[in-house]
Amino acid sequence: RLSIRRQRQMCIRDSVNSLAQAAAIAALADSAFLKKCYDLNCAGYAQLTKAFDSMGLRYIPSSGNFVLVKVGDEPNAGAKVNLELLKAGVIVRPVGNYGLPQWLRISIGLPEENQVFIDALKKILGR
């Protein structure tokens, strides 16, 4: 038998429990909910990419619920901007561990959440 500690070591970092899996299955059966989420994600993607365009930032087109954006030319621009965003209360994901040290992974949120991120990024980058 595996100990709890050993099981946790083997567990996938972002795995979900059976209750969360059941909720996901129920959500997938709700077509009105799925449409609402899809529309919200499309609007959020447009909001973010419009802001990136206006700031002159390069990004990778996405069909998911996140966008990769290049936040500078310095070797560790992603980590530096991430730290400043954290100070502003905004959480994003640096992707230097994937060989993209100048980029950040931005999850698409609600319109007001996206705007808080956009405002903070503009201030940090001086744009």
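In the range 22-52, which residues are closer than 15 Å to Ile106 by Cα and over 17 Å from the mean Cα position of the chain (by Cα)?
Result: no residue meets the conditions.
Here is a check on your reading of the model: is Ser63 hydroxyl-bearing (Ser, Thr, Tyr) and closer than 19 Å to Arg127 by Cβ? It would help to see each step written out before you state the result.
Working: hydroxyl-bearing (Ser, Thr, Tyr): yes; closer than 19 Å to Arg127 by Cβ: no.
No: the conditions fail for Ser63.
Here are Asn76, Asn65, Asn82: which of them is open to solvent by 80 Å² or more (accessible area, probe 1.4 Å), of a type in the set (S, T, N, Q) and farther than 23 Å from Leu40 by Cα? Step through it out loud before you land on a result.
Numbers: Asn65 fails: farther than 23 Å from Leu40 by Cα; Asn82 fails: open to solvent by 80 Å² or more (accessible area, probe 1.4 Å).
Only one candidate passes the filter, namely Asn76.
Pull up the range 36-62, narrow it to residues that are part of a helix (DSSP H, G or I) and among the aromatic types (Phe, Trp, Tyr), then point me to the one that is most open to solvent (accessible area, probe 1.4 Å).
As a first pass, look at the range 36-62 and keep what is part of a helix (DSSP H, G or I): 36-55.
Of the ones still in play, those that are also among the aromatic types (Phe, Trp, Tyr) are 38, 45, 52.
Values: Tyr38: 147, Tyr45: 54, Phe52: 0 Å².
So, considering only residues that are part of a helix (DSSP H, G or I) and among the aromatic types (Phe, Trp, Tyr), the one most open to solvent (accessible area, probe 1.4 Å) is Tyr38.
Taking the range 26-55 on its own, how many of its residues are of a type outside the set (Gly, Ala, Ser) and more than 19 Å from Val71 (Cα to Cα)? Walk me through it before giving the result.
Of all residues in the range 26-55, those of a type outside the set (Gly, Ala, Ser) come to 28, 30, 33-42, 45, 47-50, 52-53, 55.
Retained after the next criterion (residues that are more than 19 Å from Val71 (Cα to Cα)): 28, 30, 33-42.
Number of matching residues: 12.
What single numbered condition from (1) open to solvent by 40 Å² or more (accessible area, probe 1.4 Å); (2) at pLDDT 95 or above fails to hold for Val90?
(1)
The values are calculated or read from the model by the stated rules, or taken from the named source; none is laboratory data. The model shown is predicted, which means the values in this text are computed figures rather than measured ones. Every residue, glycine among them, receives a Cβ derived from its backbone with ideal geometry; neighbour counts consider all protein chains shown. Accessible surface areas use protein heavy atoms only, side chains included; no ligands, DNA or RNA. Shrake-Rupley method; radii C 1.70, N 1.55, O 1.52, S 1.80 Å.
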